[in-house]
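To start, the structure under review is shown below, and the notes come after it.
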Amino acid sequence: MKIFPGKLDSLGQIRKYVKSAATEAGLEKKALYKLCLAVDEIVTNIIIHGYDENGLEGDISVQTKMDEKSLTVYIEDTAIPFNPNTTEEITEEHLKKGLEERPVGGLGVHLAYQSVDKFIYEKIESGNRNILVVNRNIT
């Protein structure tokens, strides 16, 4: 497990940590890219909406676990509780609208959900835990 300051400057370090684990897990280039995109979106939301907009400071812990079937990334923060499952679902209709016509928010969470095989949110005593699972296509 690694702990990073809950600041936008940490995004590069977090991406590097996750990319290293994904490479070790043997993820294909596309799956690796999509996992990093999902992590970027979730961590950015934590920093901006969980910490900055609420006048809070805190850390983000990131842990990776690999088994024979998957790579799992655990992202924990101490920001105000936010369950991404409660955001309005982005539909094809939303995506067809021009930027000016789309409702603000939700696209990052949508991208994260679409980029991994499984996305789980857990409210924990210290804050929030987002769990991203990517299947390893090892033959």
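Bear in mind that the values in this text are calculations on the coordinates, not laboratory data. All values derive from a computational prediction rather than experimental measurement. Cβ sites come from the backbone with ideal geometry, for glycine too, and all protein chains shown count toward neighbours.
Label sites at residue 53 and residue 69, each approximated as a point 7 angstrom past Cα along Cα to Cβ, lie 3.6 nm apart.
Close amide H contacts of residue 27 (hydrogens built in the peptide plane, cut-off under 5 Å, sequence separation of 5 or more or a different chain): none are found.
Shape analysis of region 1-76 based on the Cα gyration tensor places the equivalent ellipsoid semi-axes at 24, 12, 9 Å, largest first.
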